[in-house]
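For reference, the structure is listed below as structure tokens.
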């Protein structure tokens, strides 16, 4: 039995505990960082949604003022008075160019189309004009977000202003694209992505003025088509966004929804750097913990473990380790075959004489010599223990009667050589008793008792060693004869 296993068990337990603490702390910090990042992204997303809402209102007021100026312009009224469509379109086109309008529509008081121009560079418009019916409501809404024509390719913020000369003679609708530079404030100051999704009665959803990556926009459009909206959290394997929908127009024939998005990948960037630093710190801490636990166990627990299991004088195992080792071999699961091993007890017949005549220091030298000779004569797998006083014990693993007899022959030959103590040579004699497991016992106490009886039987016999089952039957004893004096 390797008593050092106790130290390794302590090392393993402490390493596992320290590692679990470090990993647990790392996981807690990781989850906490992700939650903080999501909270920050949600807050930024709400700010961006508020910016969009306020920007729509502000833009509406600005466009309304711009439209009123154009509606009051004398040249516009004069062109309308001529009733010439080309003259009206040219006037609208010139004014649209000045205010950077994407489309301008003039209708009469009954909302019949008089003229329509799209873009300041147009030189003529198709006839008839395919105007979005949602714009031609009567009375017209003063503010509207919708495509100006039925193609629905471009989404406009539209203001409609009455033209009075001095009585109402028509309505002027001016459209500004929802993706012009003014909207880029959402991607700058608000630090968010945006897109607009719109559909008219009987048509499918279309995406307008998106600042999302192309593949993200396509996936969101597919969600709108299938479900009429997007989930608060969006992930397609490459991108991860928090999303917020802001309804802009909900009417019977028209629906427009703005979608604000915050990239969690961008938000998590600084946290990922922190997480990488935490990972390095954790690995370094685990490595230092392993080193510290190993050194402390070896330097502090190791000596105590040695004192608990080894004899300090001879360096062999003590009785405690011997008892534990035998008990371990005796413990077998139910139904399993029993272990075969031998327990030897040996005693030096001349030790008391040396101890009494030469002193305890000489006796200690003799015990150390015995320990060295036993180590040299036995296998490393065999356990040598000081049993008490001048008695030693040997535990032979996997031993048979014949192999045990051969070992005892070798031990007698190695041990009974004269010993040099304080410059003097002393002849020595040993007696060995052997108990075999399982035939002589299946418990540690029984085996040790039987080996002790066999050893004392050997002392009283002319033989150097005796097996337990040979006690009381001298004719069975096969051990070599001893040369000790009677």
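General observations
- Any chance residue 349 is farther than 20 Å from residue 412 by Cα, in contact with a helix residue (DSSP H, G or I) (Cβ under 9 Å, 6 or more places away or on another chain) and either in the same structural domain as residue 411 (by TED's automatic domain parsing) or surrounded by 19 or more Cβ atoms within 10 Å (Cβ to Cβ) (or both): no
- Cross-chain or 6+ apart pairs with Cβ under 8 Å, segment 10-30 first and touching a residue at least 24 places away in the same chain (Cβ under 8 Å) and at negative phi, then part of a helix (DSSP H, G or I) and exposed (fewer than 14 other Cβ atoms within 10 Å of the Cβ): 26/279
- Every residue from segment 308-361 that is assigned to a loop (DSSP other than H, G, I, E, B), touching a residue at least 12 places away in the same chain (Cβ under 8 Å) and out of contact with any strand residue (DSSP E or B) (no Cβ under 8 Å at 6 or more places or on another chain): 315
- Count of residues meeting criterion [without any contact (Cβ under 8 Å) to a residue 24 or more places away in the chain and either in contact with a helix residue (DSSP H, G or I) (Cβ under 6 Å, 6 or more places away or on another chain) or over 20 Å from residue 270 (Cβ atoms) (or both)] in segment 31-63: 6
- Boolean, residue 51 is part of a helix (DSSP H, G or I) and surrounded by fewer than 16 Cβ atoms within 10 Å (Cβ to Cβ): no
- If the condition is being in a strand (DSSP E or B) and either touching a helix residue (DSSP H, G or I) at 6+ places or on another chain (Cβ under 6 Å) or not assigned by TED's automatic domain parsing to the domain that holds residue 144 (or both), then segment 228-287 contributes 240, 242, 244, 246, 254, 258, 260, 262.
- Count of residues meeting criterion [loosely packed, with under 14 Cβ neighbours inside 10 Å and at pLDDT 80 or above] in segment 166-202: 3
- Applying the criterion of being loosely packed, with under 15 Cβ neighbours inside 10 Å and touching a strand residue (DSSP E or B) at 6+ places or on another chain (Cβ under 9 Å) to the residues of segment 205-244, the residue that is modelled with the highest pLDDT is 218.
- Output for segment 395-418, where each listed residue is in contact with a helix residue (DSSP H, G or I) (Cβ under 7 Å, 6 or more places away or on another chain) and either buried (at least 19 other Cβ atoms within 10 Å of the Cβ) or not in a helix (DSSP H, G or I) (or both): 395, 396, 411, 415
- For segment 325-337, a residue qualifies if it is out of contact with any helix residue (DSSP H, G or I) (no Cβ under 8 Å at 6 or more places or on another chain) and on the phi < 0 side of the Ramachandran plot, and the qualifying residues are 325, 328, 329, 331, 332, 333, 334, 336, 337.
- Criterion (in contact (Cβ under 8 Å) with a residue 60 or more places away in the chain and either closer than 30 Å to residue 421 by Cα or touching a strand residue (DSSP E or B) at 6+ places or on another chain (Cβ under 9 Å) (or both)) met by exactly one of 274, 278, 264: 264
The rows are residues; the columns are (1) outside the structural domain of residue 248 (by TED's automatic domain parsing); (2) at pLDDT below 85; (3) within 20 Å of residue 198 (Cα to Cα); (4) buried (at least 17 other Cβ atoms within 10 Å of the Cβ).
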site	(1), (2), (3), (4)
79	no, no, no, yes
92	no, no, no, yes
107	no, no, no, yes
114	no, no, no, yes
119	no, yes, no, no
142	no, yes, yes, no
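The values are calculated or read from the model by the stated rules, or taken from the named source; none is laboratory data. Fair warning: this is a prediction, and the values are worked out from it, not measured in the lab. Using ideal geometry, Cβ is built from the backbone for each residue, glycine included, and neighbour counts are taken over all protein chains shown.
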